[in-house]
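*Asks:* One structure coming up, written as C-alpha cells, with questions to follow.
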Amino acid sequence: MRAAGLIPVEEALKRVLDGATTLPTEEIPIAEAHGRVLAKPLASRRTQPPADLSSMDGYAARAADLAKPATLKLIGASAAGRPFGGSIKPGETARIFTGALLPEGADVVIPQEDAKAEGDKIALPAAKPGQYVRKKGLDFAEGQVLLDAGRRISARDVALAAAMDHAKITVAARPRVAIIATGDELVPPGSNAGSDRTIASNPLSLAALLRTENADILDLGIVPDDLDATVSTIRKAHDAGVDILVTLGGASVGEHDLVAKALNAEGVKIDFHRVALRPGRPMLLARMGSTRVLGLPGNPVSSYVCALLFLVPLLRKLQGRTDFLPQPESAILGKALPQNDHRQDYLRAKIEREPDGRLKATALDRQDSSMLAYLSGADGLLIRAPHAPAAKAGDPCAVLRFGD
C-alpha cells in the first residue's frame with residue numbers, strides 16, 4: 001500500500017526520465033574522447049594489422065625450407081617502419097624485429113634465441129607456417145564496427161578508436177547543469193564556521209559526480225532562505241538555458257523550505273514532491289520549459305543517494321547511453337536486518353567478495369542521513385524493498401556499488 005503523498009522509487013525514476021532524449025551531437029578530437037558518449041557507431045578506417053607482421057625478434061623464412069632444421073643465407077633485415085624491400089627465396093632468410101613487415105615469400109618467424117648465426121649463415125630449427133606471425137586483419141578489418149553508439153568511451157576505447165584511424169569522433173553534447181544550494185546556515189569550506197553554521201559540502205560532492213558524468217556545471221552558489229532571492233536565482237538558471245537545475249536543500253515542506261514556493265511563484269508545476277525512499281524522501285521534480293528541475297534534500301547523504309538514483313540516470317540518458325539505468329547486483333547479507341516499513345531503503349554498506357565469488361553486503365551500524373563519514377567509508381548501498389520481511393545473515397539481497 002502506498003503511503004499518502006509518496007510515490008515509489010520506480011515511478012519517480014520513470015517520471016524523471018520521461019521524455020529525456022539524446023542531446024545534440026558534436027565532433028571532438030580523439031584525444032578528448034575519454035568519458036564521452038559515442039553518438040554514432042564507429043567503423044574502422046583500416047585493417048589491423050595492415051599486413052603480416054612479426055611478433056618476435058628473430059628471422060623470417062619460408063616454412064618449406066624448415067620442414068627440418070636447416071642453415072639459410074642471411075640476405076637483409078626488416079624493422080618496424082623500415083621494411084625489407086626484397087623477397088625471400090628458397091634457402092634464404094632475413095633478420096626481422098617485432099612489429100616489422102614480413103618480407104614477401106616468408107611465412108614463418110624463428111625467435112632469435114632459437115637461431116645460431118655464423119656470418120651470413122643462419123642455422124634454424126624446424127618450423128610450421130604462421131609461427132610467430134601476426135596475420136593481416138588479426139585484430140580487425142576495414143569497415144568493421146567495433147564501438148557502438150551509446151557507449152561511454154573508456155581509456156581502452158580511446159586506444160582502439162585511434163588504431164582504427166579516427167582523429168575525431170562524434171559524441172553527445174555535455175548536459176548543462178545548474179546547481180543552487182539553499183540555506184541561511186550554509187558557508188563554504190574554510191570559513192571557520194561557528195556552531196550555528198553548516199559547511200556546504202553538497203555542492204562539491206554533486207559537482208564531482210557531475211564531472212564524472214560529463215556535465216558542464218553552472219554553480220549559482222549559496223542562496224539564503226529568502227523567497228525573492230530563491231526566485232531570482234532560479235530565473236538565472238532558466239535564462240542560462242540549462243538542461244537540468246539541481247537545488248540542494250529547501251525541498252521539504254517546512255517554513256524555511258522555499259524551493260517549491262519559488263517554483264510555484266514562477267508558474268512552474270511540481271510533478272512530484274515526495275518519494276517513498278530512505279534517505280531522500282523530500283525530493284521533487286518539476287519542468288521549467290525545457291529544463292528539468294530536481295530538488296534534492298539538504299542532508300548530505302540523502303542528497304548523494306538521490307543524485308545516484310535519479311540525476312545520474314538522467315544525465316546518462318541525455319547523452320544517449322544504453323546503460324543509463326541503475327544496475328543492482330546480487331549479494332548476500334553479512335548480518336541480519338529487521339522488517340522494513342513502507343519506504344525503499346538504501347543502506348550504506350561494506351561490500352566484500354566471498355571466497356565462493358559471491359558479494360557480501362553488511363549494513364553499517366549507523367544510517368543517519370547527516371553522517372558523511374559513514375558514506376565515505378561505505379562501498380555501496382544495500383537495497384531493501386518496501387515492507388521487506390526480516391532477513392538473516394546469508395539471505396539474498398541487492399546492492400548498488402559505488403562506481404568510484
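*Asks:* Could you point to the residue in Thr233, Ile244, Met283 farthest towards the positive end of the stretch 231-310's charge dipole, with +1 and -1 charges on the Cβ of Lys/Arg and Asp/Glu respectively?
*Replies:* So the residue furthest toward the plus end is Met283.
*Asks:* FRET efficiency for Asp379 and Ser87, Cβ-Cβ distance as r, R0 = 51 Å, nearest 0.05?
*Replies:* 0.25
*Asks:* Which pairs break 22 Å Cα to Cα here: Lys135/Lys168; Lys40/Lys168; Lys89/Lys116?
*Replies:* Values: Lys135/Lys168 28 Å; Lys40/Lys168 12 Å; Lys89/Lys116 20 Å.
In this structure, Lys135/Lys168 exceed 22 Å between Cα atoms.
*Asks:* For Ser55, what accessible area in Å² do you get when you roll a 1.4 Å probe over the heavy atoms of the protein chains, rounding to the nearest 10?
*Replies:* My reading of the accessible area for Ser55 is about 30 Å².
*Asks:* Using the alpha-carbon atoms, what tilt in degrees (0 to 90, nearest 10) does helix 227-239 show relative to the longest principal axis of the chain?
*Replies:* The answer is roughly 30 degrees.
*Asks:* For the full complex of protein chains and a 1.4 angstrom probe, list Glu118, Glu266 by accessible area with the highest value first.
*Replies:* Result, largest first: Glu118, Glu266.
*Asks:* Another question, then. Which links in Lys14/Lys350; Lys261/Lys317; Lys269/Lys350 stretch past 32 Å when you go from one Cα to the other?
*Replies:* Working: Lys14/Lys350 29 Å; Lys261/Lys317 29 Å; Lys269/Lys350 40 Å.
The answer is Lys269/Lys350.
*Asks:* Any chance you could run the full-extension gain for Ala393 through Ser191? It's 0.36 nm times the residue separation minus the Cα-Cα distance, nm to one decimal.
*Replies:* Additional length available on full extension: 68.3 nm.
*Asks:* A further question follows. For the chain, with a Gaussian network of springs between Cα atoms less than 10 Å apart, report the residue from Lys14, Lys128, Lys350 with the top mean-square fluctuation.
*Replies:* It is Lys128.
*Asks:* Please name whichever of Gly190, Ser54, Val259 sits farthest to the positive end of the charge dipole of the chain, dipole taken about the Cα centre and charges placed at Cβ: Lys and Arg +1, Asp and Glu -1.
*Replies:* Of the listed residues, the answer is Ser54.
*Asks:* If each of Lys40 and Asp18 carries a label point 7 Å out from its Cα toward its Cβ, how far apart are those two points in nm?
*Replies:* The two pseudo-label positions are separated by 3.4 nm.
*Asks:* Another question, then. Where in the stretch 168-198 does the amide nitrogen come within less than 15 Å of the point 7 Å from the Cα of Ala229, taken along Cα to Cβ?
*Replies:* Hits in the stretch 168-198 for Ala229 at 15 Å: 180-188, 197-198.
*Asks:* What is the spin-label model distance, in nm, from Ala265 to Ala163 if the labels are put 7 Å beyond Cα along the C-beta direction?
*Replies:* 5.8 nm
*Asks:* Between Ile28 and Asp404, how high is the FRET efficiency from 1/(1 + (r/R0)^6) when r is the Cβ-Cβ distance and R₀ = 25 Å? Nearest 0.05. The partial results should precede the final answer.
*Replies:* Working: r = 24 Å, r/R0 = 0.96.
E(calc), rounded to 0.05, equals 0.55.
*Asks:* Determine the calculated [θ] at 222 nm for the chain from helices alone, applying -39500 (n - 2.57) to every DSSP H run no shorter than 4 residues and normalising by the residue count; nearest 500 deg cm²/dmol.
*Replies:* Numbers: 8 runs with 69 residues, N = 404.
Value at 222 nm, helices only, nearest 500: -4500 deg cm²/dmol.
*Asks:* Where both residues lie in the chain, what percent of DSSP beta bridges are antiparallel, nearest 5?
*Replies:* In the chain, approximately 65 percent of DSSP beta bridges are antiparallel ones.
*Asks:* For the chain, build the charge dipole from Cβ charges (+1 Lys, Arg; -1 Asp, Glu) around the Cα centre, then report which of Ser154, Ala336, Leu74 sits farthest towards its positive end.
*Replies:* Leu74
*Asks:* Rg and Dmax of the stretch 84-180, Cα atoms, in Å?
*Replies:* Calculated on Cα positions, Rg and Dmax stand at 22.3, 78 Å.
*Asks:* Now a separate question. Would you mind getting me the FRET efficiency between Ala64 and Thr170? Use the beta-carbon distance for r and R0 = 45 Å, nearest 0.05.
*Replies:* 0.40
*Asks:* Mind checking which aspartates and glutamates have their C-alpha under 12 Å from Lys335, skipping anything on the same chain fewer than 8 residues away?
*Replies:* Asp365, Asp395
*Asks:* Treat every Asp and Glu Cβ in the chain as -1 and every Lys and Arg Cβ as +1, leave all other atoms uncharged, and give the resulting dipole magnitude about the Cα centre to the nearest 20 debye.
*Replies:* That gives the chain a dipole magnitude of about 960 debye.
*Asks:* Here are labelled values, (1) 68, 53, 46; (2) 94, 52, 44; (3) 80, 56, 40, and one is the computed Cα extents along the principal axes in Å for what I pasted. Which one?
*Replies:* (2)
*Asks:* Near Lys136, which aspartates and glutamates are there with a Cα under 17 Å away, not counting those fewer than 8 places off in the same chain?
*Replies:* Those aspartates and glutamates meeting the cut-off are Asp52, Glu104, Asp107, Asp165.
The values are calculated or read from the model by the stated rules, or taken from the named source; none is laboratory data. A quick note: this is a predicted structure, and the numbers were derived from the prediction, not measured. Quick reminder, even Gly has a Cβ in these numbers, built from the backbone with ideal geometry, and neighbours come from all protein chains shown. Just the protein is used for accessible areas: all its heavy atoms, side chains included, with ligands, DNA and RNA removed. Shrake-Rupley method; radii C 1.70, N 1.55, O 1.52, S 1.80 Å.
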